[in-house]
1. Within the stretch 60-74, track down each residue that is in contact with an Asp or Glu (Cβ under 9 Å, 6 or more places away or on another chain) and crowded, with 19+ Cβ neighbours inside 10 Å.
2. Between a first residue in the stretch 46-57 that is farther than 16 Å from Thr13 by Cβ and a second residue that is open to solvent by 50 Å² or more (accessible area, probe 1.4 Å) and of a type in the set (Val, Ile, Thr), which pairs have beta carbons less than 7 Å apart while being 6 or more apart in sequence or on different chains?
3. Test of understanding: among Leu140, Leu159, Leu94, which residue is touching a residue at least 60 places away in the same chain (Cβ under 8 Å), over 22 Å from Leu21 (Cα atoms) and open to solvent by less than 30 Å² (accessible area, probe 1.4 Å)?
4. Of everything in the stretch 113-160, what is part of a helix (DSSP H, G or I), β-branched (Val, Ile, Thr) and out of contact with any Phe, Trp or Tyr (no Cβ under 8 Å at 6 or more places or on another chain)? Give them in sequence order.
5. Please enumerate the residues belonging to the stretch 109-133 that are over 18 Å from Leu188 (Cα atoms) and surrounded by 17 or more Cβ atoms within 10 Å (Cβ to Cβ).
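The values are calculated or read from the model by the stated rules, or taken from the named source; none is laboratory data. Because the structure is predicted, anything quoted here is derived from the model rather than measured. Reconstructed Cβ throughout: ideal geometry from the backbone, glycine too, with neighbour counts over all protein chains shown. Heavy atoms of the whole protein, side chains included, go into the accessibility calculation; ligands, DNA and RNA do not. Shrake-Rupley method; radii C 1.70, N 1.55, O 1.52, S 1.80 Å.
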Amino acid sequence: MGEHSGEGTGELTEEQAGLMLAGMNEAVRAGEEARRQRTALIALLTGLGWTQERIARLADMSQPAVSKHVAKSRANGLSYPMDLSPEQSDVPWLEGRLWALAETVSDILGGAARCTRHTEALARGRKHFTPETVDELRRLVEEDLRLHRDALPTEFRSLYDRIGRALDVPPKTAPVPAAAQPSVRRVLAHRIQRDLLAGPA
């Protein structure tokens, strides 16, 4: 694992997009919400200037299927581009960053992590992001950071504290960007934060 940075380029890489789309392909069978997320993510990539051919390859979909998603997103008024810089303050983005931190803690600690079961339930759609489940995730991550401080990078605690403070008092000037589904904001923040925590290869 490399340096644990809180900063990024504000750009979405092909690897990041491929990982998100692959994860959504697995989750699509879980229901309509995952299908809506995939349509919105395809709309985001299209708005960022990605070709339908490139999206189809990453999503393991046919190009006509991608075209159908693009047409559906336009009909529903989804419009991008979107700011992808890591340090943003709307609640879905913060939840995605917390989720990424929890998963990274779980990866490092394995079965010893208190947050593992909760994090896996969120990832698999058995739990949904609500104020209650986010509060529970915060409690579990805080326990892991306290109980296993010697096994975890010190930067994790400062990242957790920044996310927690922002969730406790979200700025009034940080609404979810127009036409951006909260679930897509959450998934994007999760993927970007995961990569930042992993550091350079």
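1. Here is the first cut: in the stretch 60-74, the residues in contact with an Asp or Glu (Cβ under 9 Å, 6 or more places away or on another chain) are 63, 66.
The answer is Val66, and nothing else.
2. Going by the 7 Å Cβ cut-off, there are no qualifying pairs.
3. Going through Leu140, Leu159, Leu94 in turn, the sole match is Leu159.
4. Thr116, Thr133, Val134, Thr154
5. Restricting attention to the stretch 109-133, the residues satisfying the condition of being over 18 Å from Leu188 (Cα atoms) are 109-118, 121, 126-127, 131-133.
Within the stretch 109-133, Leu109, Ala113, Arg114, Cys115, Thr116, His118, Lys127 meet the criteria.
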